[in-house]
Amino acid sequence: MNIFTPLKKILNNIQQHFVVYVQSIVFLRVIQIAVALPTISYLFLQILKVTGLSSITENNLFEVFRHPLGIFALTLLAIIVIFFIYYEQAYYFILAFFQRTGEPYDFKKIIRKLNRKARFFLSLQSLLFLLYFLLILPIASIGMSPGLAKNLYIPHFIIEELVKFPGGLQVYVASLILVFYLSLRLLYAVPFFVLEENMTILQGVKKSWIMTRRKTIRNISYLAVIILGYGLAMAALSFLILLPLFAVERWVPTAAPMMAGLTLTTLQLVLFLSFGILQAILADTLLGLAYPELNTLERRTEENKSLFPVMFSRGLYLIAAGMFVFTVIGNTVSVTKILYQPSTQIIAHRGYTAEGVENTIGALRAAKNANADYVEMDILQTKDRQFVVIHDTNLERLAGRNENVSDLTLAELQEIEVSANGFTDKIPSLEEYIAVAKEIDMKLVIEIKYHGNESEDMEQLLVELLQKEGVAQDYLVQSLEERAIAKVKEVDPDITTGYLVALNIGNLPQTSADFVVIEEFSLNQRLIDQARDAGKGIGVWTVNQEQIIRRALRLNVDGLITNEPSRAYGLRAAFNQEQTFVQRVQDLLE
């Protein structure tokens, strides 16, 4: 099996038709920015308008389905999303097909061929395509524009919580393997559906399942070579583009700001075009695998100068040149801004769990040593209306006992050992936890959890305990439940409260809390601006990956909940105006 020969032919073909591919990449991106995204945003705003919601969260998701107009707008939104995914995925297959067969083509002809299959998306076939797309997501996201692909992942906190449970890691890995296998078996469905006149989506899926039988290793090999080659090429190209900036910053520092702006813009342009080229390579490769007979055809040797009329193309080039110049200027301003150390507070999630069992005294002390500003911890009410520091309502995960917290007294719970990652500790009461926090001068973020058997005055009892300990005005109280915040505020309006949101689509959620903590999957600059305008603090959880920590620090959120407080502290300390221009360019590219 010679993988490199067909790939070499594909690269030669793209080089020969480079202008066509650049025009295609730019056109698809313009359609996404100018048509698809504004339409999707408008429909989503209409959904919020008819439902009376400021945003869609995990707590009000089903409110949408109570409004007929909301359901209609949601359906229309889904169809438009499916349409755009289809057009972007299918476009390069048709382009590659015309180039392989030598059939004359232009932009209008490609669109007409795409439109012939559009009728299938105005039926239940659209749901099938959406299901198909979700199944092939691990591979499909490789061949999608960054604007769409960047949000196509499972939120990190879901995976992190899953793997904490016994067998959770095995379930997660097995699920990944299964989905990846299904992705490989459905690889050819789109080219079959797009290129065969009367084939439905379901028929394309069935045919792909048959045609990929016993070809898994071959398909993996092709994908691996393409992705590895792309990664190496981009790393080398990025290094070469950054080299002049290294030299200018060292030898001609006065020219470094403008050079940094030019370098950043060039890298952005290269990444933008290269990702489109990657899409084209993947499409052409899959086309050859799905239709082996096409590999025997001689590709046309004459160049397609342009997909569009000459005057239209010249106009595009002038616009592109103008945008490049303005982007260079804008990027120069961005890289020369004075960077100040963020005021973001580092909040250790359940203590420092790399050095102790979550929500225990050991993890609390470890968080202090890791330079955390706060420790976030969870409380549940016991059978005798006391408070214990623990996250799970059941003791199975940490103690290996199938008993519920609500069925045990505080004294009984304090005798139970919990273990994780080679550490062992006892379950502490809230009073014990606060005593140690005072001893080591560590502020707390107390998260109220519910198991369903709490006393009616639970929140009042908590506030009274905090007041008795003299920490009501120093500690923060947060919850995933708005009702908890409202009750705490009712008892003591001066307590600083926070509303945790696991999923947020739209505007800043309405809440009586003093601050909002958004899961990192949903965090964006618009929400931060809305929080500032509303006089509320804003934080993010749970942030563990270095790239995401750096992003949160650049956004200067008020609080950052993390399992890696030591790493976050180090990144915050290094985040200042002493960064080189090369480092600033790299940061702005993330």
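Derivation of every value follows stated rules applied to the coordinates shown; laboratory data play no part. These numbers were taken from a predicted model, which means no experiment stands behind them. Using ideal geometry, Cβ is built from the backbone for each residue, glycine included, and neighbour counts are taken over all protein chains shown.
Let me check against my output: what whole-number percent is the relative contact order of the chain, with C-alpha pairs under 8 Å and at least 6 apart?
15
Provide the net charge surrounding Val436, with neighbours chosen by a C-beta distance below 14 Å and charges set as Lys +1, Arg +1, Asp -1, Glu -1.
Charge balance near Val436 sits at -1.
Antiparallel versus total DSSP beta bridges in the chain: what percent is that, nearest 5?
Antiparallel bridges make up about 25 percent of those DSSP assigns within the chain.
Please give the contour-minus-distance gain from Lys383 to Gln525: 0.36 nm per residue of separation, less the Cα-Cα distance, rounded to one decimal in nm.
Length gained between Lys383 and Gln525: 46.8 nm.
Any chance you could run the full-extension gain for Gln547 through Glu196? It's 0.36 nm times the residue separation minus the Cα-Cα distance, nm to one decimal.
Fully extending the segment from Gln547 to Glu196 adds 122.0 nm.
Compute the signed sum of charges (Lys and Arg +1, Asp and Glu -1) over the other residues within less than 15 Å, Cβ to Cβ, of Met258.
So the surrounding residues net to +1.
Between Leu176 and Ile505, what's the calculated FRET efficiency when r is the beta-carbon distance and R0 is 25 Å? Round to 0.05.
In this case the efficiency is close to 0.50.
At a Cα cut-off below 21 Å, give the lysines reachable from Lys108, other chains included and same-chain residues fewer than 8 away excluded.
Partners within reach: Lys117, Lys305.
Distance between the C-alpha centers of region 191-243 and region 423-491? Whole Å please.
Going from one Cα centre to the other spans 52 Å.
Could you give the angle, 0 to 90 degrees to the nearest 10, between helix 168-185's Cα long axis and the longest principal axis of the Cα atoms of the chain?
The two axes meet at around 10 degrees.
Just from its helices, what would the mean residue ellipticity at 222 nm be for the chain, if runs of 4 or more DSSP H residues each count -39500 (n - 2.57) and the sum is divided by every residue, rounded to the nearest 500 deg cm²/dmol?
Roughly -18000 deg cm²/dmol at 222 nm, from the helical runs in the chain.
Hey, which of these cross-link pairs are over 25 Å Cα-Cα: Lys383/Lys438; Lys383/Lys443; Lys9/Lys215?
Over 25 Å apart, Cα to Cα: Lys383/Lys438; Lys383/Lys443.
Output the 0 to 90 degree angle, nearest 10, between the alpha-carbon long axis of helix 107-116 and the longest principal axis computed from the alpha carbons of the chain.
Approximately 60 degrees, to the nearest 10.
Tell me the net charge near Gly452. Cut-off is 14 Å between Cβ atoms, Gly452 excluded, with +1 for each Lys or Arg and -1 for each Asp or Glu.
Net of charged neighbours comes to -2.
Which of Met211, Val328, Phe72 sits farthest toward the positive end of the charge dipole of region 4-330, with +1 on the Cβ of Lys and Arg and -1 on the Cβ of Asp and Glu?
Of the listed residues, the answer is Met211.
Which label marks the calculated value of Cα extents along the principal axes in Å, given the options [x] 84, 61, 50; [y] 91, 52, 43; [z] 161, 63, 39?
[x]
Have a look at region 4-330 and give its Rg and Dmax from the Cα atoms, expressed in angstrom.
22.1, 66
Give the aspartates and glutamates whose C-alpha is closer than 15 Å to that of Lys164, dropping any in the same chain fewer than 8 places away, or say none.
Within reach: Glu358, Asp392, Glu396.
So between Glu160 and Thr216, what do we pick up on full extension, going 0.36 nm a residue minus the alpha carbon distance?
So the chain would gain 17.2 nm between Glu160 and Thr216.
Give the angle, between 0 and 90 degrees and rounded to the nearest 10, that separates the Cα long axis of helix 4-16 from the longest principal axis of the Cα atoms of the chain.
80
With a point put 7 Å past each Cα toward its Cβ, work out how far Glu490 is from Leu461 in nm, to one decimal.
1.7
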